[in-house]
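Peer 1: I'd like to ask some things about the structure below.
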Amino acid sequence: MTQVGAACRERLDQLGLAWQPAEALDYVAAPVTVSDLGFGAIKLVPTFRDPPFVMDCHLVVAIAEQAAGLYYLGVRELHFSSIHRVSQVRVGGKRGRSMSRHALGLAIDVFHVVDSEGRKHSVLEHYRGGDGLLGAIENVANQSGAFRMVLTPGNDPESHYDHFHFEALVEYPLSEAAKRAIADQRAQKKAARQKARQKARKTARKRLARKKAAQRKAKKERMARKRARAAKRRGSSRQSRRATPQGDSSAAKPTVQARPQRKTGKSRRRSKPAAARRKAKR
Ligand SMILES: [Zn+2]
């Protein structure tokens, strides 16, 4: 435990808490556990996990120092899901880059509160309806200076719609292990991003190459068709020059096309006497 941790431990004794030092755990700088999760006048109750609940000493002090005030409001139990867990910050529905204070054992997620009459005040069900006790807890915690701003459905409806996130306000240097872990995590993410970018570039290059190959093929086919048409036209005109009445069908076409011209000529010649005849009749 660091020197800062030692000072904190003294404070635990002053507050009269039944605490034990805990074994070193991930990034928790001053790990302790509290017997029966009793914090003076109030109690923490886990919603589903089993003990031990390792916390940083500073979170214990922050809660214990507010216990009398919370008791005065009517709070008897704070039901929480987790304290220590290695995770990244999550606010506004997005995962942040930095490590969550849960990883340092400095934060606790409270889902509901039990009052002096045994009534359950659920953050999910009652906060938005203006539950007086939940609102008062939020105000007291924010005004105490013991916590960073409490995250609630009010200020973070995306990621904290069903619980209060309390985080002990303590600034002390991260342990070397924590710093290394954070740096490793960032390096891994950076490498993953680079790999993804390289893959995307490779895919784009392949797609472009396929597109160009298809364009080249299409052009080649177009040219081949054009050449074939030109060759056919040349062949047809050669055959039409040599055409005989017994010629094949392809050779017959130009002959058929040539006919109307002759017809037109004839009809023009015939039309004159016809018109003249009509004129004469009138
Ligand atoms: Zn939390």
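The values are calculated or read from the model by the stated rules, or taken from the named source; none is laboratory data. Given the structure is predicted, the values throughout are model-derived calculations rather than measurements. Neighbour counts are summed over all protein chains in view; Cβ atoms, including those assigned to glycine, are modelled from backbone coordinates with ideal geometry.
Peer 1: Quick one: would you say S100 is within 26 Å of A24 (Cα to Cα) and surrounded by 18 or more Cβ atoms within 10 Å (Cβ to Cβ)?
Peer 2: On the way: within 26 Å of A24 (Cα to Cα): yes; surrounded by 18 or more Cβ atoms within 10 Å (Cβ to Cβ): yes.
For S100, the condition - within 26 Å of A24 (Cα to Cα) and surrounded by 18 or more Cβ atoms within 10 Å (Cβ to Cβ) - is met.
Quick grid of which residues meet (1) assigned to a strand (DSSP E or B); (2) at pLDDT below 95; (3) within 20 Å of Y27 (Cβ to Cβ):
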residue	(1), (2), (3)
D50	no, yes, no
A68	no, yes, no
H79	yes, no, no
G96	yes, yes, yes
L133	no, no, no
I137	no, no, no
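Peer 1: If you don't mind, there's one more thing I want to ask. Quick one: V61 ticks every box in (1) touching a residue at least 60 places away in the same chain (Cβ under 8 Å); (2) within 16 Å of the ligand (Cβ to nearest atom) bar one, so which box is it?
Peer 2: Of everything listed in (1) touching a residue at least 60 places away in the same chain (Cβ under 8 Å); (2) within 16 Å of the ligand (Cβ to nearest atom), V61 misses just condition (2).
Peer 1: Would you call E158 more than 12 Å from the ligand (Cβ to nearest atom) and either in contact with a Ser or Thr (Cβ under 6 Å, 6 or more places away or on another chain) or at pLDDT 95 or above (or both)? Steps first, please.
Peer 2: On the way: more than 12 Å from the ligand (Cβ to nearest atom): yes; either in contact with a Ser or Thr (Cβ under 6 Å, 6 or more places away or on another chain) or at pLDDT 95 or above (or both): no.
Here the answer is no, as E158 does not meet what is asked.
Peer 1: Could you tell me whether any residue of the stretch 58-75 is touching a His at 6+ places or on another chain (Cβ under 7 Å) and over 19 Å from A146 (Cα atoms)?
Peer 2: Let us first name the residues in the stretch 58-75 that are touching a His at 6+ places or on another chain (Cβ under 7 Å), namely none.
Within the stretch 58-75, none of the residues are touching a His at 6+ places or on another chain (Cβ under 7 Å) and over 19 Å from A146 (Cα atoms).
Peer 1: Which one is modelled with the lowest pLDDT among residues in the stretch 142-155 that are surrounded by 15 or more Cβ atoms within 10 Å (Cβ to Cβ), over 25 Å from the mean Cα position of the chain (by Cα) and within 13 Å of the ligand (Cβ to nearest atom)?
Peer 2: Of everything passing the filter in the stretch 142-155, R148 is modelled with the lowest pLDDT.
Peer 1: May I ask you to list the residues in the stretch 24-48 that are touching a residue at least 12 places away in the same chain (Cβ under 8 Å) and either in a loop (DSSP other than H, G, I, E, B) or not assigned by TED's automatic domain parsing to the domain that holds G118 (or both)? Walk me through it before giving the result.
Peer 2: Restricting attention to the stretch 24-48, the residues satisfying the condition of being touching a residue at least 12 places away in the same chain (Cβ under 8 Å) are 25-48.
Scanning the stretch 24-48 gives L25, D26, Y27, V28, A29, A30, G40, A41, T47, F48.
Peer 1: Further question on the same structure: Out of everything in the stretch 161-173 that is within 14 Å of the ligand (Cβ to nearest atom) and either more than 24 Å from A29 (Cβ to Cβ) or not charged (D, E, K, R) (or both), what residue ends up being surrounded by the most Cβ atoms within 10 Å (Cβ to Cβ)? Working first, answer last.
Peer 2: Initially, the stretch 161-173 is screened for residues within 14 Å of the ligand (Cβ to nearest atom), giving 161-168.
If we keep only those that are either more than 24 Å from A29 (Cβ to Cβ) or not charged (D, E, K, R) (or both) as well, we get 161-166, 168.
On the way: Y161: 15, D162: 15, H163: 24, F164: 25, H165: 22, F166: 28, A168: 22.
Per the stated criteria, the residue is F166.
Peer 1: Which one of P51, P46, P21 is touching a Pro at 6+ places or on another chain (Cβ under 8 Å) and surrounded by fewer than 16 Cβ atoms within 10 Å (Cβ to Cβ)?
Peer 2: Numbers: P51 fails: touching a Pro at 6+ places or on another chain (Cβ under 8 Å); P46 fails: touching a Pro at 6+ places or on another chain (Cβ under 8 Å).
Exactly one of P51, P46, P21 is touching a Pro at 6+ places or on another chain (Cβ under 8 Å) and surrounded by fewer than 16 Cβ atoms within 10 Å (Cβ to Cβ), namely P21.
Peer 1: Moving to a separate point now. Working only within the stretch 101-121, note down all residues that are more than 23 Å from S87 (Cβ to Cβ) and touching a Phe, Trp or Tyr at 6+ places or on another chain (Cβ under 9 Å). Working first, answer last.
Peer 2: Filtering the stretch 101-121 down to residues more than 23 Å from S87 (Cβ to Cβ) leaves 113-121.
If the condition is that a residue be more than 23 Å from S87 (Cβ to Cβ) and touching a Phe, Trp or Tyr at 6+ places or on another chain (Cβ under 9 Å), then V113, S116, H121 are the ones that fit.
Peer 1: I'm trying to understand the selection: among the residues of the stretch 78-97, which are buried (at least 19 other Cβ atoms within 10 Å of the Cβ) and either among the acidic types (D, E) or under 16 Å from the mean Cα position of the chain (by Cα) (or both)? Please lay out each step first, then the result.
Peer 2: Step one: list which residues in the stretch 78-97 are buried (at least 19 other Cβ atoms within 10 Å of the Cβ), which gives 78-80, 83-84.
Across the stretch 78-97, there are no qualifying residues.
Rundown of residues vs (1) within 15 Å of the ligand (Cβ to nearest atom); (2) free of Cβ contacts under 8 Å to residues at least 24 places away in the same chain, yes/no style:
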residue: H84; (1), (2): yes, no
residue: R90; (1), (2): yes, no
residue: M99; (1), (2): yes, no
residue: V114; (1), (2): no, no
residue: H126; (1), (2): no, yes
residue: G130; (1), (2): no, yes
residue: L133; (1), (2): no, no
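Peer 1: Restricted to the stretch 103-124, and to residues that are farther than 18 Å from M55 by Cβ and crowded, with 21+ Cβ neighbours inside 10 Å, which residue is nearest to the chain's Cα centre (by Cα)?
Peer 2: If we filter the stretch 103-124 for residues that are farther than 18 Å from M55 by Cβ, which is where we start, we get 112-124.
Restricting the remaining residues to those that are crowded, with 21+ Cβ neighbours inside 10 Å gives 112-113, 123.
On the way: H112: 29, V113: 32, V123: 26 Å.
Filtering first and then ranking leaves V123.
Peer 1: Oh, and also: If you check A196 against the conditions, is it within 22 Å of the chain's Cα centre (by Cα) and away from the ligand (no atom under 16 Å from the Cβ)?
Peer 2: Values: within 22 Å of the chain's Cα centre (by Cα): yes; away from the ligand (no atom under 16 Å from the Cβ): yes.
For A196, the condition - within 22 Å of the chain's Cα centre (by Cα) and away from the ligand (no atom under 16 Å from the Cβ) - is met.
Peer 1: Another one. If a residue must be among the hydrophobic types (A, V, I, L, M, F, W, C) and part of a strand (DSSP E or B), how many such residues does the stretch 103-131 contain? Give the steps one after another, and end with the answer.
Peer 2: Step one: list which residues in the stretch 103-131 are among the hydrophobic types (A, V, I, L, M, F, W, C), which gives 103-104, 106-108, 110-111, 113-114, 123-124.
Now narrow it down to the ones that are part of a strand (DSSP E or B): 107-108, 110-111, 113-114.
Summing the residues that are among the hydrophobic types (A, V, I, L, M, F, W, C) and part of a strand (DSSP E or B) in the stretch 103-131 gives 6.
Peer 1: Would you mind finding the one in A196, A181, A200, A204 that is outside the structural domain of F111 (by TED's automatic domain parsing) and touching a Phe, Trp or Tyr at 6+ places or on another chain (Cβ under 8 Å)?
Peer 2: Numbers: A196 fails: touching a Phe, Trp or Tyr at 6+ places or on another chain (Cβ under 8 Å); A200 fails: touching a Phe, Trp or Tyr at 6+ places or on another chain (Cβ under 8 Å); A204 fails: touching a Phe, Trp or Tyr at 6+ places or on another chain (Cβ under 8 Å).
A181 is the lone residue from the list that is outside the structural domain of F111 (by TED's automatic domain parsing) and touching a Phe, Trp or Tyr at 6+ places or on another chain (Cβ under 8 Å).
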